[in-house]
1. Tally the residues that are buried (at least 22 other Cβ atoms within 10 Å of the Cβ) and in a helix (DSSP H, G or I), restricting the search to the range 90-124.
2. Provide a single number: the residues in the range 10-37 that are out of contact with any Ser or Thr (no Cβ under 9 Å at 6 or more places or on another chain) and not in a helix (DSSP H, G or I).
3. If I go through the range 133-156 residue by residue, how many of them are under 16 Å from I111 (Cβ atoms) and outside any loop (DSSP other than H, G, I, E, B)?
4. Considering each residue of the range 164-191, count those that are over 23 Å from the mean Cα position of the chain (by Cα) and open to solvent by less than 30 Å² (accessible area, probe 1.4 Å), and give that number.
5. For G349, all conditions in the list (1) modelled with pLDDT under 75; (2) open to solvent by 10 Å² or more (accessible area, probe 1.4 Å); (3) not in a helix (DSSP H, G or I) hold save one; what is the number of the exception?
6. Of all the residues that make up the range 157-197, how many are touching a residue at least 24 places away in the same chain (Cβ under 8 Å) and part of a loop (DSSP other than H, G, I, E, B)?
7. Just need a number here: residues in the range 1-19 that are over 23 Å from T77 (Cβ atoms) and either over 22 Å from the mean Cα position of the chain (by Cα) or without any contact (Cβ under 8 Å) to a residue 40 or more places away in the chain (or both).
8. Kindly indicate which of P274, P309, P282 is at pLDDT below 75, within 19 Å of R260 (Cβ to Cβ) and surrounded by fewer than 13 Cβ atoms within 10 Å (Cβ to Cβ).
Amino acid sequence: MTRVITITSDNYLQHTLLLLESLRNWHPQIDVDVYALTQGWSAEHEKALAPLRVNVHHLQEQNAGNRKYTQGAGLQTIFKLEVYRQQQRPFLYIDSDCLILRPLDRAFEIIQRIGWLARHDGYNLGDYYEGDITRQVALKPEDKTLPSLSAGIIGCDPIKFPVWHQVIERSNDWASKVSHILHGDQGLISLAFYDLCGGVPADSHREFNHWIGRDGRTDLDGTILHVLGWKHTALGSSMLEVHRKLYEAWPKDANIIDLRTTEFWQQSLPHPWPYLNQCDQPAYRNKVRQMREQSMALLNVPWLLWRDPNESYLLNPRVVRYADQFWRDNAHRLAGFPHRPTYHLGGNGKFVAHPWQSARRWYRDTLASLRWWKRSHAAK
């Protein structure tokens, strides 16, 4: 059974409590291990965690003033590496400045199936390759653009993925030799993976490490929302205030299912995207009809989200109408959550568009363009 683990400290406990409360919304019985830095830690901190039914482990810390900030996390690199090193069973590590917006079952399934869950962080390996670390790892010039790993959300089964402990040992070894590396453990682990494997594991899915953009908004299809260090006037003046407001605004029972993560969508791949303007051809017409029939299984998934008119075109009209009505009735519940507009919702949290009509209009216009192209070439 996969456990959830995180790290906290006396000055980061409030973030941790918000993370754990959001986790318990969906997984009241799952095992959770919290690793607490001892400097400044007291019985009061321990008491605050007790209602959330977690196992608290203490990490010895000589001086809290030595905590090195990476992305505002406030937790020293060596402590995260030490926690990673201790893991012998399947785990999902989540930074404390996160919120769980829907069940983690798919994340656990990925860890169980392939032994690893990873998210790329938007940086390249070359961004971390500077300073003292250049003497520890030989990064080829052509590999500097390879994606690097986000250490904020990592899932691993050390038995199925034995290279994990080698990566952490190498990262620990480097941490004792180098005086600085950009973004701490994230850079060390990424380069250690490269040193041992020639690159980092493949990206699992963006839903497992969503973040708030610089515009102060996020998408609705994320499972784990990473608050990060952005400060937005509209949300609050501090990261903790932003974290708390996001938690309070999210409807706690709103399990919004991303269409692309459903079993129906996965089983129907590959989709005929390049051929939607040729649906008068029997093979593709039959494929669309088959998908629409199979999509009826989604009638029991009311909080269904899609972002593309192509996607609604491949759904049965009954499914689209059912989801549309549900969003019309419930969209107001997300009015306080700073989300980006979708085909279902505008920025004000109100229902603004009918995806089925959008898809039919798109298909009609595309078909009309194709017919015009045929007529114009026939005339020549």
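The values are calculated or read from the model by the stated rules, or taken from the named source; none is laboratory data. All of these numbers come straight from a predicted model, not from anything done at the bench. Methodologically, a virtual Cβ is constructed for each residue, glycine included, from the backbone with ideal geometry; neighbour enumeration extends over all protein chains shown. Note: accessible area is taken over every heavy atom of the protein model, side chains too, but ligands, DNA and RNA are not part of it. Shrake-Rupley method; radii C 1.70, N 1.55, O 1.52, S 1.80 Å.
1. Total satisfying the criteria: 2.
2. 4
3. Adding up the residues that qualify gives 5.
4. 5
5. All conditions are met except number (2).
6. Going through the range 157-197 one residue at a time, the tally reaches 13.
7. Residues that pass the stated criteria total 1.
8. P274
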